[in-house]
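Here is the structure we will look at.
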Amino acid sequence: MVTKANLVAGRIILVLVTALGLAGCSRAPAVDILGSFFPSWLVCFVVAMALTALAQQVLSRLRVKLLYPVLVYPSLTALFTFLLWIIFFH
């Protein structure tokens, strides 16, 4: 049975959850590249793809056989992306 107190409590919880979700919203971190602003995560992702390609070249020169390259290279890209973002933009 829904009471008035339950409805009020539900609304208060909804407002608090919404406020908590919006608390992290501030200006978007952007990087100016040739006069155009790009999100910082996109810049980090592009650099991370280049670093992953470099890591693949190093691993192939060292003749390292990967069991699951389908998982390793996207994971390396994500790792490099997050590390670059934390180092330069956080």
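The values are calculated or read from the model by the stated rules, or taken from the named source; none is laboratory data. Fair warning: this is a prediction, and the values are worked out from it, not measured in the lab. Note that we place each Cβ from the backbone using ideal geometry, even for glycine, and neighbour counts take in every protein chain shown.
Computed quantities for the displayed model
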| item | result |
| --- | --- |
| Selection count, region 55-78, where residues are surrounded by fewer than 11 Cβ atoms within 10 Å (Cβ to Cβ) and either closer than 17 Å to F88 by Cβ or touching a Gly at 6+ places or on another chain (Cβ under 8 Å) (or both) | 0 |
| From T81, T77, T18, residue being at pLDDT 95 or above, in a helix (DSSP H, G or I) and not small (G, A, S) | T77 |
| Selected residue [touching a Leu at 6+ places or on another chain (Cβ under 6 Å) and of a type in the set (A, V, I, L, M)] from V46, V58, V72 | V72 |
| Hits in region 21-54 - residues which are surrounded by 10 or more Cβ atoms within 10 Å (Cβ to Cβ) and modelled with pLDDT under 85 | P29, A30, V31, I33, F37, F38, P39, S40, W41 |
